[in-house]
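Here is the structure we will look at, set down as structure tokens.
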Amino acid sequence: MKPLAALTPFALVLALLVPACAEAQLLASEPIDAIVAVVDEDVILRSELDREVNIVLAQLAQGGGQVPPRDIVERQVLQRMIDFRVQLARAQGTGIRITDSEIEQAMRRIAQQNGITLEQMAMALSRDGISMQEFRRNLRDQMAVERLRARFVQQRVSVTATEIDNLIASGRLRAGEVRLSHILVPVPDAASPDQLAQAERRAREIVAEIEGGLDFATAAIRYSRGPQALEGGDLGWRRIDEIPGVFVEALSQLRVGEVSPPVRGPGGFHIVKLTDQREAGPALVREFRALHVMVTPSELLSPEQARARIEDIRRRIEAGADFGDLARQFSDDLGSKNQGGDLGWFEQYAFGTIVGNELGALADGELSQPFQTEQGSWHLLRRIGTRESDRSTERLRQQAEEAIRSRKAEEEYAAFVRQIRGEAYIENRLAGDSSATG
């Protein structure tokens, strides 16, 4: 069992799909079968746009802030939908396919995250007028786009030892965390001097409006073309080392609550607000030691048989059989099989959220119930012990690598989306413009 990378934002999207779809059906007005955008050979209908806009407006109203006019939210939502369709078309065009088995696993995961069974989820969707077929189709599209991003990052983003050394030497890794909000005023690739001057002038006008009393979140929803525009530009908490270099100098001049002047960076001019900040925590981490058995479905072992086998293994352990002997005999985890299932010492979520949550719920010496992870495998854990460990050196290098990779992935994937958007035929009938290249 290999440690997993940090969870992507897609995990959060999956967890919210059930309530979001239900809310959409409750809030959507009578659908109007008009086309509001064409993306290559695909179309976006007015009814689809209205449904998404109603969700966003309801969320903004619940947040207690100023709700922008509907037409402004419509433009932002439609742009987000267009970007998604462009990415989906590229995913499909490059041969990315999500199997029925993967969809089933994802649906089980969603149901588990919402504390319900698959049957209860189907009933809840049905009550709100959402078919399981529609839900599965939307889920498949989300997973395809996430896989496109993961493949892009894997192929295009790399981190060298020199980059890690340089970041550690800069001292920024120990500088704590900040919470940022962001507005992007875009400029085209290879923009002319006039286009650059016009975008900078627009960015300065936005800063002046904010300084004149306009709420930053409202300004982001109204003006920003960044991916977090509909969240009021909120980028959440980030370590200093995770922030794009173009922002760091601007932030060094700000106190909490202040807004930067426009900063030229990838994609256009950026306006940043320092919402909050906090000091970095200690390097001590809590580690666990556990024994592990994994049974994976295969062509020779159906999912039902895999579950039956892991349940039988647990009964035998409870009856007094040696965990290590059974792990050596039955476990499919080649990394720990020959050690009798011993995973050694590791941090709680090194093997993913589900394993980490199961581990945290156990007492030392306790045996877990059989559980299934995102990949469809069945697992048993016995927690052996816990300890506090000073992982300063290796944690620092790992933190540096993650920070550089995250920053590069964000910047380069955003550039990739701009590129494929420029290559696509897009007719935005809401805005009354269209573009075609290639």
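The values are calculated or read from the model by the stated rules, or taken from the named source; none is laboratory data. Worth saying up front: this structure is predicted, and the values here are computed from it rather than measured. Here Cβ is always computed from backbone atoms with ideal geometry, including for glycine, and neighbour counts include all displayed protein chains.
Could you pull out the residue among I116, I55 that is modelled with pLDDT under 90, closer than 19 Å to L230 by Cβ and either surrounded by fewer than 17 Cβ atoms within 10 Å (Cβ to Cβ) or among the β-branched types (V, I, T) (or both)?
I55
Restricting attention to the stretch 116-157, report how many residues are among the small types (G, A, S), assigned to a loop (DSSP other than H, G, I, E, B) and without any contact (Cβ under 8 Å) to a residue 24 or more places away in the chain.
Qualifying residue count, the stretch 116-157: 1.
Output the residues belonging to the stretch 148-200 that are more than 15 Å from P266 (Cβ to Cβ), aliphatic (A, V, I, L, M) and touching a Leu at 6+ places or on another chain (Cβ under 7 Å).
Passing the criteria: L167, I168, L173, V178, L180.
Kindly indicate the residue of the stretch 232-250 that is part of a helix (DSSP H, G or I) and buried (at least 19 other Cβ atoms within 10 Å of the Cβ) and also modelled with the lowest pLDDT among those meeting that condition.
Looking at the filtered set, the residue picked out is D241.
How many residues are of a type in the set (G, A, S) and either over 24 Å from R109 (Cβ atoms) or exposed (fewer than 15 other Cβ atoms within 10 Å of the Cβ) (or both) when one looks only at the stretch 369-424?
9
Pairs please, first residue from the stretch 198-218 and within 9 Å of P262 (Cα to Cα) and at pLDDT 90 or above, second anywhere and aromatic (F, W, Y) and not in a helix (DSSP H, G or I), Cβ atoms under 8 Å, 6+ apart in sequence or on different chains.
E200/F269; A203/F269
Pick out the one residue from L230, L196, L214 that is under 29 Å from the mean Cα position of the chain (by Cα) and either at negative phi or aromatic (F, W, Y) (or both).
Just one listed residue meets the conditions, L230.
Among the numbered criteria (1) in contact with a strand residue (DSSP E or B) (Cβ under 7 Å, 6 or more places away or on another chain); (2) over 24 Å from A403 (Cα atoms), which single criterion is violated by A191?
In the conditions (1) in contact with a strand residue (DSSP E or B) (Cβ under 7 Å, 6 or more places away or on another chain); (2) over 24 Å from A403 (Cα atoms), A191 misses (1) alone.
Hey, can you tell me all the residues within the stretch 68-100 that are in a loop (DSSP other than H, G, I, E, B) and either small (G, A, S) or farther than 21 Å from V185 by Cα (or both)?
Within the stretch 68-100, T94, G95, I96, R97, I98, T99 qualify.
Looking at R156, R149, which is the one that is surrounded by fewer than 16 Cβ atoms within 10 Å (Cβ to Cβ) and basic (K, R)?
Exactly one residue qualifies, and that residue is R156.
How many of the residues in the stretch 371-408 are acidic (D, E), under 27 Å from the mean Cα position of the chain (by Cα) and not in a helix (DSSP H, G or I)?
Count: 1.
Report the residue count in the stretch 272-313 for those that are in a strand (DSSP E or B) and either under 30 Å from G233 (Cβ atoms) or without any contact (Cβ under 8 Å) to a residue 60 or more places away in the chain (or both).
Qualifying residue count, the stretch 272-313: 7.
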